[in-house]
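Worksheet: the structure to be examined is printed underneath.
The values are calculated or read from the model by the stated rules, or taken from the named source; none is laboratory data. From a predicted model like this one, the values you see are computed outputs, not experimental measurements. So basically every Cβ, Gly included, is an ideal-geometry build from the backbone, and we count neighbours across all protein chains shown. Calculation scope for accessible area: heavy atoms of the full protein, side chains included, ligands and nucleic acids excluded. Shrake-Rupley method; radii C 1.70, N 1.55, O 1.52, S 1.80 Å.
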Amino acid sequence: FFSSSMSLLESARVCHADIEQCQQEIIEEFKTEPVTQKQQVLHEHFIKRKVDVVGDRAAQLLSIYESEDFKNIGSENPSRVVSSFYTRLAELREYHRRFQQSTTVEAESEGRVELISEDDLPVSFSAEECYGKYVDLHDIYQEYNNLKFNFDNPTVNTTEANQGANPLALAAARHQSIDYATFLQRLGQFHTIARKYKNEDYRKFLDRLCTYLEDFCRRTQPLSKIDVVMKETEAQFENDWKQGTMLGWDDMKEEEGVSGKKARRRFFFGKVALLEAKIQRYLESLDDVVQNTISNLERKQTRNREEIDAELEREEEATRKALARKKDDEDENSEDEDMPRIRDNPLDLPLGWDGKPIPYWLYKLHGLGIEYKCEICSNYSYYGPRGFERHFQEWRHAHGMKCLRIPNTRHFHHVTRIHDAMALWDKIRYETSQKGWRPELEQEYEDHEGHVFNKKTYDDMKRQGLL
């Protein structure tokens with residue numbers, strides 16, 4: 001019994017040691033600031049792995065502390081304590097004589113160096129993704145262009161098909177394909193697609209897009225609680241779906257006693273709307289990546305192959321210089337850590353990619369001295385028109401809109417006051433409700449003489465005995 005109790009204590013000690021070591025390595029990793037996109041991904045995956053180890057060791061400790069053997073430690077027969085102690089001591093000496101004890105710390109350190117080295121990645125990226133800097137949606141973009149609503153160009157007269165026109169040429173003329181950049185800009189604007197086009201092919205397109213975005217988030221943001229965020233999104237969706245307050249699905253409010261074809265149709269649309277809500281939530285967290293992808297496409301379209309290769313070489317050279325400068329700064333700080341630091345940024349200019357203040361002319365060019373306040377973001381200040389434009393898709397503004405129970409769509413861009421946002425949301429819901437099916441005005445009835453009335457007029461005339 002004494003031997004088993006020592007084994008439990010040793011296991012608990014090892015778990016505590018592993019937890020403390022992982023915590024110390026996480027602290028050391030946080031002290032190093034990544035320079036490149038690849039280093040940023042490695043940095044987060046290393047921390048994620050250590051956090052998982054801490055959670056695993058904590059679960060083992062909990063099982064040890066809750067076991068009956070651990071609770072009975074100290075209740076053994078005193079007469080057996082000495083003999084059991086020497087028996088256990090002999091076993092330990094024999095074990096260490098046969099096996100040279102390896103240093104766990106050194107082995108763990110070697111694993112850490114291997115994980116965060118530039119030649120190894122725990123996840124893979126395509127060349128287009130550039131280690132998570134851009135998204136690669138080319139295959140999904142091709143699938144989007146093949147959806148039904150892209151083959152319904154209203155400017156083409158379909159009667160030409162009956163006049164001997166080539167069916168293939170007519171189909172090509174009716175096809176409304178868009179370029180890749182426009183596709184990225186329209187991501188998430190599902191309310192602009194007519195409901196008659198939201199069929200099984202559209203659901204498969206949404207499912208594939210949602211799968212890619214989830215995988216991309218897990219690869220580039222391993223420390224994010226994606227599962228928790230998705231559960232919150234699903235709960236919010238269920239509430240909005242029952243109340244009929246989802247943008248584009250306002251007339252799908254839950255009804256009791258619905259069965260048959262109408263119930264199946266509602267169930268299918270519910271799956272489609274849930275996928276749309278998930279994709280919009282993923283796009284909120286990846287807005288910077290999508291915008292960087294669009295900017296990169298625009299740069300590529302205005303340059304030839306030689307200019308693109310030259311730009312890549314300049315970026316690599318700038319990265320190497322930044323790494324060398326960072327190493328020199330670390331060496332200098334280690335030598336002169338006791339000396340007071342000299343303030344070299346009297347104008348309090350923003351820092352550039354190299355950690356130094358940007359030039360003053362660039363500061364004025366981008367209007368970084370102009371302050372924009374957003375009441376929806378709790379009166380948070382944004383500096384420069386570009387930062388102000390981009391903040392409408394960032395997490396702070398999205399959280400403020402969510403607290404107001406308003407969808408963060410393009411309709412509300414440049415709206416910073418809560419009162420204006422609420423008024424615009426009421427107007428959009430009213431206009432959407434007016435576009436829906438109103439049987440009292442649009443359902444037609446015909447009397448015995450062939451006169452056509454809407455439902456309301458027909459009922460009034462019938463009650464008055466005029467029909």
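Some points to look at:
- Test result for residue 445, aromatic (Phe, Trp, Tyr) and either under 30 Å from residue 357 (Cα atoms) or surrounded by 13 or more Cβ atoms within 10 Å (Cβ to Cβ) (or both): yes
- Test: residue in the stretch 262-272 that is of a type in the set (A, V, I, L, M, F, W, C), assigned to a helix (DSSP H, G or I), touching a Gly at 6+ places or on another chain (Cβ under 7 Å) and at negative phi: no
- Qualifying positions in the stretch 380-403 - closer than 26 Å to residue 224 by Cα and not in a helix (DSSP H, G or I): 380, 381, 382, 394
- Condition met for residue 399 (modelled with pLDDT of 85 or more, outside the structural domain of residue 286 (by the TED database) and out of contact with any strand residue (DSSP E or B) (no Cβ under 6 Å at 6 or more places or on another chain)): yes
- Residue list for the stretch 220-233, filter: surrounded by 14 or more Cβ atoms within 10 Å (Cβ to Cβ) and outside any loop (DSSP other than H, G, I, E, B): 220, 226, 229, 230, 233
- Unmet requirement for residue 5, which otherwise passes all of (1) modelled with pLDDT under 80; (2) exposed (fewer than 13 other Cβ atoms within 10 Å of the Cβ): (2)
- Those residues of the stretch 190-219 which are in a helix (DSSP H, G or I), under 17 Å from residue 271 (Cα atoms) and polar (S, T, N, Q), in sequence order: 211
- Taken together, the residues in the stretch 132-156 that are open to solvent by 50 Å² or more (accessible area, probe 1.4 Å) and either touching a Ser or Thr at 6+ places or on another chain (Cβ under 6 Å) or at pLDDT 85 or above (or both) amount to 4.
- All conditions but one from (1) surrounded by fewer than 18 Cβ atoms within 10 Å (Cβ to Cβ); (2) under 22 Å from the mean Cα position of the chain (by Cα); (3) at pLDDT below 90 apply to residue 32; the one that does not is (2).
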